[in-house]
Amino acid sequence: MKNRENHLYMLVFPINALVASQLNPEEFGDYYTTASEKHFIGKVIFAELDIKFRNPYFDIDKYLELTVPHPDGSPKKTKFVCSYKVLENVDLQAIQKFYLCTHNGKVLPLEPAEYKAYNEPGLIRLYQEITPLETFVASTLDQRDFGKFITTQTRSKGAPKILFTQIDFNIQKFIEINTNKEIFTIDLPAVNPYRFYDCIKDMQNNPEKFTKTVSLGSLMRFISYKLIRHGFWFCEGDEMKFFPMPSEADLESKYYYWWKFVR
């Protein structure tokens, strides 16, 4: 009988939950995208936490004790620990790896890295908040300042911790194509092109506005992983944990079996 280690996984999309499991990350991703009746279609994103992580908000030891093989020896696939305010109560340093699952269960592992880039000030960027918020935001703040703003400087549209990504989209080209047109088009699913156009023009005409809500709903269910720019950021004030996307060259060589199923 194969010995199974227990794992602590934090689902971040399509829900935020803390789950104990005897499946390894590849098996866990495959289970939630292809083998589980709990999730029928689309991508799943999760992180693995240090198995030693503890917080009084979670009764982790209780549920790890219940995460044992079935009588036939098969592994316990999932044991939910918590499904409410999960990221808010997880230490960012406990997040060890990050995983992106395709619709058919292929899993891409991401390692944490220092975020060294310093971006052009005033450039409008598009951020998709993933959890606990799901707002699609245009902002002139770079990733560090955006994460700090959301987690410490706004209560009306903020959260104590945030996971977000940046969407790779040519804003200037969109403006040029749609200016003076009666019918607008946009190459972003589930985004109203007229609303998007108005948000961008408002920010361009009023530099004092550094964030603008484009949409209250998440694009993650509809967009391809190919639209992810740079990677994923967990933020809490000045603390940041960054998981970079591999380069396209690495995706085509080292991770081809995952990359070919991304759509």
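Can you name the number of the only condition in (1) in a strand (DSSP E or B); (2) surrounded by 17 or more Cβ atoms within 10 Å (Cβ to Cβ) that F80 fails?
Going through (1) in a strand (DSSP E or B); (2) surrounded by 17 or more Cβ atoms within 10 Å (Cβ to Cβ) one by one, F80 breaks only (2).
Would you mind finding the one in I130, I150, I95 that is within 18 Å of the chain's Cα centre (by Cα), within 21 Å of N206 (Cα to Cα) and at pLDDT 95 or above?
I150
Report yes if some residue within segment 222-230 is part of a helix (DSSP H, G or I), on the phi < 0 side of the Ramachandran plot and touching a strand residue (DSSP E or B) at 6+ places or on another chain (Cβ under 8 Å); otherwise report no.
yes
Out of curiosity, is A190 of a type outside the set (D, E), assigned by TED's automatic domain parsing to the domain that holds S224 and modelled with pLDDT of 95 or more?
no
Determine the pairs where a residue that is in the same structural domain as Q22 (by TED's automatic domain parsing), located within segment 60-75, has a partner that is surrounded by fewer than 11 Cβ atoms within 10 Å (Cβ to Cβ) with Cβ atoms under 7 Å apart, the partner being 6 or more residues away or on another chain.
G73/M1
Is it true that D72 is over 23 Å from L108 (Cα atoms), modelled with pLDDT under 95 and either among the charged types (D, E, K, R) or touching a helix residue (DSSP H, G or I) at 6+ places or on another chain (Cβ under 7 Å) (or both)?
yes
What residue, among those in segment 174-200 that are among the hydrophobic types (A, V, I, L, M, F, W, C) and in contact with a helix residue (DSSP H, G or I) (Cβ under 8 Å, 6 or more places away or on another chain), is nearest to S139 (Cα to Cα)?
I200
Answer yes or no as to whether L23 is of a type in the set (A, V, I, L, M, F, W, C), surrounded by fewer than 17 Cβ atoms within 10 Å (Cβ to Cβ) and either at pLDDT 95 or above or within 22 Å of K241 (Cα to Cα) (or both).
For L23, the condition - of a type in the set (A, V, I, L, M, F, W, C), surrounded by fewer than 17 Cβ atoms within 10 Å (Cβ to Cβ) and either at pLDDT 95 or above or within 22 Å of K241 (Cα to Cα) (or both) - is not met.
When segment 213-244 is examined, which residues are found to be crowded, with 18+ Cβ neighbours inside 10 Å and either free of Cβ contacts under 8 Å to residues at least 24 places away in the same chain or among the charged types (D, E, K, R) (or both)?
E236, K241
The values are calculated or read from the model by the stated rules, or taken from the named source; none is laboratory data. Just so it is clear, the structure is predicted and the values come from calculations on it, not from any experiment. So basically every Cβ, Gly included, is an ideal-geometry build from the backbone, and we count neighbours across all protein chains shown.
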